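So the structure is just underneath, and the comments pick up after that.
The values are calculated or read from the model by the stated rules, or taken from the named source; none is laboratory data. Quick caveat, the model's predicted, so the values are computed rather than measured. Cβ placement follows ideal geometry from the backbone for every residue including glycine, while neighbour counts extend to all protein chains displayed. Calculation scope for accessible area: heavy atoms of the full protein, side chains included, ligands and nucleic acids excluded. Shrake-Rupley method; radii C 1.70, N 1.55, O 1.52, S 1.80 Å.
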Amino acid sequence: MASDDVALIRRFNRTVTERIGALEESFLGRDRPLGASRLLWEIGDNGADLHELRDRLGLDSGYASRLVRRLENEGLVVVEVDPADGRRRRLRRTAAGLTEVQELDRLSDLAAAAFFDGVPTGHRGRLLAAIAEVERSLRATLVGIGVEDPRHPDVVRCFTRYANELDARFSGGFDAGKSISADPEELTPPAGYCVVARLRGRAIGCGALKLHGAEPAELKRMWVDPDSRGLGVGRRLLESLEALARENGARVLHLETNSALGEAIELYRRAGFVEVAPFNDEPHAHHWFEKALS
């Protein structure tokens, strides 16, 4: 990266941290720093697993423990043993903690509105558009993609949402029982793989690969949560599956799709897939694609 670009990013970081109050010991005047207030807010109304919360926010274990201890001492949270796993701890807001979150929300709304103090009216639209673009781009960098067990509850939920969306979008609906199979045993190494995209720990996309030795490998179950589309998640899932296919000796990739999925068709074409004659009897498919792997 060019030195001017590095300098720009560092200047941006300094401006933002100063503007949002991240440098203050008493964030929003509540007698605690931003990190502690953010942790309290992230616990949610139903509580949260401490380990998952720490991973979601990218917090060091020791720092997270100090924040939790501070919130405990303030009477805002309680730490409980997870009834399903005695080794894990869950955080729950107290009544005082809920009241504090409501006050933080009120003050945060006021601070967000005050963000435009001193900004000329004619420039506010441009600033909002720039903030939206930066937020979207930064959110994309928080997405992690990895191989997971296709039996994991989060993966099952992704596959279920995938099927539900296809059923709503296809003119004749979608019947998974009639579609070419993608069962857990077919998506578990060495037979295949399932990859999952996660944003702050939440599964927001999935894709699968079926391997057939020297025969073309198959891509299956490509799906991205509608709220996370436009972040490049589909492209990254596709790249991960292609890499796995190469690592396992596949020379050609196959996939089929329905004409209702125009955005998926465009993604595949941009990724180098070319449309070919039908190579299977998938009842829901209108287009068949192939890609030779270098």
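Helix 95-114 sits at what angle to the longest principal axis of the chain, using alpha carbons and giving 0 to 90 degrees rounded to 10? Roughly 90 degrees, rounded to the nearest 10.
Looking at region 139-189, the accessible area is 56 square angstrom per residue; that uses a 1.4 Å probe and ignores ligands, DNA and RNA.
The candidate values are (i) 66, 54, 40; (ii) 62, 47, 33; (iii) 55, 53, 39; the one derived from this structure for Cα extents along the principal axes in Å carries the label (i).
Bridging of LYS210 to lysines at a Cα separation below 16 Å is possible for LYS220, LYS291, once same-chain residues fewer than 8 apart are set aside.
Computed from phi, the 3J(HN,Hα) profile of region 152-158 under the Karplus parametrisation 6.51, -1.76, 1.60 (θ = phi - 60°) reads 4, x, 5, 5, 4, 5, 4 Hz, with x in place of Gly and Pro.
Would you kindly state the longest site-free stretch of the chain, with sites defined as trypsin sites (Lys or Arg not before Pro) in a DSSP loop (not H, G, I, E, B) surrounded by at most 12 other Cβ atoms within 10 Å? It runs 1-150.
With an 8 Å cut-off on Cα pairs and a minimum separation of 6 or more residues, tell me the relative contact order of region 4-115 in percent. Mind showing how you got there, number by number?
Working: 103 pairs, mean separation 25.3, N = 112.
Relative contact order comes out at 23 percent.
A Förster radius of 35 Å, combined with the Cβ-Cβ distance separating VAL252 from GLU185, puts the computed FRET efficiency at roughly 0.95.
By the Cβ-Cβ criterion of under 4.7 Å, the unpaired cysteines of the chain are CYS194. Can you give the angle from 0 to 90° between the axis of helix 121-141 and the longest principal axis of the chain, with both taken from C-alpha atoms, to the nearest 10? Once rounded, one gets 60 degrees.
Provide the percentage of antiparallel DSSP beta bridges, counting only those with both residues in region 143-292; round to the nearest 5. Can you show the working numbers first?
On the way: 28 of 30 bridges.
Expressed as a percentage, antiparallel bridges in region 143-292 total about 95.
Result for the chain in a Gaussian network model with C-alpha springs under 10 Å: among GLY86, GLY232, GLY272, the largest mean-square fluctuation is at GLY86. Using every pair of distinct Cα positions in region 1-130, the Kirkwood expression returns a hydrodynamic radius of 16.9 angstrom. Contact order, relative form, for the chain: 11 percent (alpha carbon pairs under 8 Å, 6 or more residues apart, mean separation divided by residue count). As a length-normalised measure over Cα pairs under 8 Å and 6 or more apart, the relative contact order of region 143-292 settles at 20 percent.
Solvent-accessible area assigned to carbon and sulfur over region 143-292 amounts to 50 percent, based on a 1.4 Å probe. Out of GLY97, GLY122, GLY207, any idea which swings most in a Gaussian network model of the chain, alpha carbons joined below 10 Å? For the chain, modelled as a Gaussian network with Cα springs under 10 Å, the answer is GLY122. Label separation (THR160 vs ASP5): 4.3 nm, computed from points 7 Å beyond Cα along the C-beta direction.
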